[in-house]
Amino acid sequence: MELDKKVFRWRGETPTLALLLIIAVLIAWTFGTRPVSMGVFKGTALVIVGLIAGLLGGLIGTGGCSVMLPITHFWMGYPTAVAVGTVLFAVIFTAVSGGYGHVLQRNVDVRVFLCLGLGGLGGVALGSWLFTLISAQTGLLGMILGLVFLWPAIRMVYEGAVQRTEPKREGVSIQGSGWIITVFGFVVGIATGVAGLGGGYALVPGLIYLFGAPVYITMGTSLATMIPLALVGGGIKLVQGFVDLPTGLLLGAGTVVGARTGAAIIKRFKPATLKLIFGIYFLYVSAKFIAGFFGILIW
């Protein structure tokens, strides 16, 4: 029995170690083949930001983009379009790491994953094209981001202050018409391509409240779906020139470690309290983006 535990533990750590190795190689290649103006302090700060984002995602199932995007844009000075593209690129590593663990535990509804992935990829392609049209209009892009941030903010404040517990739903599959799930994935894909948020902020509550999905199956299916969405969306933005590669890699390294840590310590925290705290934070971020559209500065 002890051997089985060790084998399972090793299998669970393998993707994390592999991803960190890949990121280390890419960082070495990036810094070695091009001039990169980034000091030790900024590099360390980016890893810490990614760590916090991944930790939150591991604890309450919220995509790390929601944390990384406002910090890199408002407090680290990255232009809005670059922050959007870079953060979506960083989420590739988080989704792969988290999704692999859920696949091992069979927490993925394959039918729903295929429907969401098919619709999501089409939506990401359309959203990425729309992003090129509005990327130079920073005010409009900020307004869109502010409106997008309202959804996770309201959801988290409600669940943290009013509901307090997740809905109790049993089962090992997600019910619902395949074409409706595909359309839902398409809409989430558009938002991912435009706003650069990985999709978990919409996939998780959507699957739970719209389709009555079991929580664990929802988390696994959502993370699995985020893999192709982040790969395609982040890849397109990398080609379009909206990704600061060194920044994305350092954020990615932090998110991988943070997500693994969050999953390991989740039982030590009250998710409702964390949701309330970060829900209020996301309301502030939303207000900051929207106010900026009207020329109002909120500190």
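The values are calculated or read from the model by the stated rules, or taken from the named source; none is laboratory data. Computed from a prediction, not measured in an experiment: that's the story for all the values here. Quick reminder, even Gly has a Cβ in these numbers, built from the backbone with ideal geometry, and neighbours come from all protein chains shown.
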Looking at (1) assigned to a helix (DSSP H, G or I); (2) crowded, with 23+ Cβ neighbours inside 10 Å, can you tell me which one Val183 breaks?
(2)
What pairs can you find where one residue is in region 178-194 and more than 12 Å from Thr225 (Cα to Cα) and in contact (Cβ under 8 Å) with a residue 60 or more places away in the chain, the other is hydroxyl-bearing (Ser, Thr, Tyr) and surrounded by 15 or more Cβ atoms within 10 Å (Cβ to Cβ), and their Cβ atoms are less than 7 Å apart, with a gap of 6+ or different chains?
Gly193/Ser128
Name the residue, out of Leu249, Leu276, Leu207, that is within 21 Å of Ile48 (Cβ to Cβ) and over 13 Å from the mean Cα position of the chain (by Cα).
Leu249
Inspect region 156-163 for any residue being assigned to a helix (DSSP H, G or I), closer than 20 Å to Ile217 by Cβ and of a type outside the set (Ser, Thr, Tyr) and give the result as yes or no.
yes
Scanning region 200-210 for residues that are closer than 15 Å to Val183 by Cα and in contact with a Phe, Trp or Tyr (Cβ under 8 Å, 6 or more places away or on another chain), which turns out surrounded by the fewest Cβ atoms within 10 Å (Cβ to Cβ)?
Leu210
Conditions first: (1) in a helix (DSSP H, G or I); (2) in contact with a helix residue (DSSP H, G or I) (Cβ under 6 Å, 6 or more places away or on another chain); (3) surrounded by fewer than 24 Cβ atoms within 10 Å (Cβ to Cβ). Leu114 passes all but one, so which condition is the exception?
(2)
Here is a list: Gly171, Gly200. Which entry is of a type outside the set (A, V, I, L, M), within 19 Å of the chain's Cα centre (by Cα) and within 23 Å of Tyr100 (Cβ to Cβ)?
Gly200
Among the residues that make up region 38-57, is at least one of them in contact (Cβ under 8 Å) with a residue 12 or more places away in the chain and not in a helix (DSSP H, G or I)?
yes
Complete set of residues in region 266-282 that are modelled with pLDDT of 70 or more and in a helix (DSSP H, G or I)
Arg268, Ala272, Thr273, Leu274, Lys275, Leu276, Ile277, Phe278, Gly279, Ile280, Tyr281, Phe282
Somewhere in region 169-176, is a residue among the basic types (Lys, Arg) and part of a helix (DSSP H, G or I)?
no
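Quick grid of which residues meet (1) under 22 Å from Ile190 (Cα atoms); (2) without any contact (Cβ under 8 Å) to a residue 40 or more places away in the chain; (3) out of contact with any Asp or Glu (no Cβ under 6 Å at 6 or more places or on another chain):
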{"residue": "Tyr78", "(1), (2), (3)": "no, no, yes"}
{"residue": "Val82", "(1), (2), (3)": "yes, no, no"}
{"residue": "Thr86", "(1), (2), (3)": "yes, no, no"}
{"residue": "Val91", "(1), (2), (3)": "yes, no, yes"}
{"residue": "Val103", "(1), (2), (3)": "no, no, yes"}
{"residue": "Gly117", "(1), (2), (3)": "yes, no, yes"}
{"residue": "Leu121", "(1), (2), (3)": "yes, no, yes"}
Here is a list of conditions, (1) at pLDDT 90 or above; (2) polar (S, T, N, Q); (3) within 30 Å of Ala213 (Cα to Cα), and Thr72 meets all of them except one; can you say which number that is?
(3)
Scan region 241-256 and give yes if some residue there is among the β-branched types (Val, Ile, Thr) and not in a helix (DSSP H, G or I), otherwise no.
yes
Can you tell me which residue is surrounded by the most Cβ atoms within 10 Å (Cβ to Cβ) among those in region 77-109 that are within 15 Å of the chain's Cα centre (by Cα) and among the β-branched types (Val, Ile, Thr)?
Val87
